[in-house]
1. What are the residues in the stretch 62-74 that are touching a residue at least 24 places away in the same chain (Cβ under 8 Å) and under 21 Å from residue 107 (Cβ atoms), if any?
2. Have a look at 173, 151, 157, 168 and point out the one that is more than 26 Å from residue 89 (Cβ to Cβ), under 15 Å from the mean Cα position of the chain (by Cα) and modelled with pLDDT of 70 or more.
3. Just to be sure, is residue 66 touching a strand residue (DSSP E or B) at 6+ places or on another chain (Cβ under 9 Å), closer than 21 Å to residue 158 by Cβ and part of a helix (DSSP H, G or I)?
4. In the stretch 61-104, how many residues are modelled with pLDDT of 90 or more, touching a helix residue (DSSP H, G or I) at 6+ places or on another chain (Cβ under 6 Å) and exposed (fewer than 15 other Cβ atoms within 10 Å of the Cβ)?
5. Does residue 16 count as under 19 Å from the mean Cα position of the chain (by Cα) and surrounded by fewer than 22 Cβ atoms within 10 Å (Cβ to Cβ)?
6. Scan 82, 92 and give me the residue that is free of Cβ contacts under 8 Å to residues at least 24 places away in the same chain and either under 17 Å from the mean Cα position of the chain (by Cα) or over 26 Å from residue 227 (Cα atoms) (or both).
7. Please return the ranges of strands (runs of 3 or more DSSP E) entirely within the stretch 1-61 where 2 or more residues are free of Cβ contacts under 8 Å to residues at least 60 places away in the same chain.
8. Hey, residue 139 hits all of (1) out of contact with any strand residue (DSSP E or B) (no Cβ under 8 Å at 6 or more places or on another chain); (2) under 30 Å from residue 1 (Cα atoms) but one; which does it fall short on?
């Protein structure tokens, strides 16, 4: 199985690469931008992996990756990369440029890459798209996360369209919506807030990147009958 993981050299993406590359029957391509040392380390530890540079904030870099997809004979695309920080400002105080940058640097690259991947999958009459969202789509969104949550909602709607449009080609599109994890994206979160989340969790702990990687691994092997779904990982908190 040939897999591409975007944003695969750090945080959740790194955990996903490590989990999938542990299977010698898989070959994992993964993108990196600022984490070259980590990317080199992954390739050293897993000979069935290869790093591809891609700056999601650079249109030419994204175009190059999209074209490369045509040559990879992919079986699975994992949309994990997120290139902009969470603004953490009230909606009415969030500059319009924040929303514009989020759309340009997170959503448009994902669309371009997924379009090329699905084109490859249709020729093969087989393929899987797995997209990382956030459980804030079903929980109460944290204050100041309006742009981030809105972008994930947009992507979730796209994912459902991919599932419906391509099911007859044996192509699946599923999402995973994890709750709070300790990653670079959330590194500036106050430790007191994290302690409060752990205290209020039914499991008395927060979600780990390894647990999410397990869910990703499941979707890479799941039946084609599982299509158009979103798997929420939130310990049954704020279930709706």
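The values are calculated or read from the model by the stated rules, or taken from the named source; none is laboratory data. All of these numbers come straight from a predicted model, not from anything done at the bench. Virtual Cβ from ideal backbone geometry, glycine too; neighbours counted across all protein chains shown.
1. Here is the first cut: in the stretch 62-74, the residues touching a residue at least 24 places away in the same chain (Cβ under 8 Å) are 62-63, 65-67, 69-70, 72-74.
Residues satisfying the conditions are 62, 63, 65, 66, 67, 69, 74.
2. Working: 151 fails: more than 26 Å from residue 89 (Cβ to Cβ); 157 fails: more than 26 Å from residue 89 (Cβ to Cβ); 168 fails: under 15 Å from the mean Cα position of the chain (by Cα).
Matching residue, one of 173, 151, 157, 168: 173.
3. Values: touching a strand residue (DSSP E or B) at 6+ places or on another chain (Cβ under 9 Å): no; closer than 21 Å to residue 158 by Cβ: yes; part of a helix (DSSP H, G or I): yes.
So residue 66 fails the test.
4. 0
5. On the way: under 19 Å from the mean Cα position of the chain (by Cα): yes; surrounded by fewer than 22 Cβ atoms within 10 Å (Cβ to Cβ): no.
For residue 16, the condition - under 19 Å from the mean Cα position of the chain (by Cα) and surrounded by fewer than 22 Cβ atoms within 10 Å (Cβ to Cβ) - is not met.
6. Numbers: 82 fails: free of Cβ contacts under 8 Å to residues at least 24 places away in the same chain.
None of the other options fit; the residue is 92.
7. On the way: elements: 2-5, 27-32, 49-53.
Here the list reads 27-32, 49-53.
8. Status for residue 139: all satisfied but (2).
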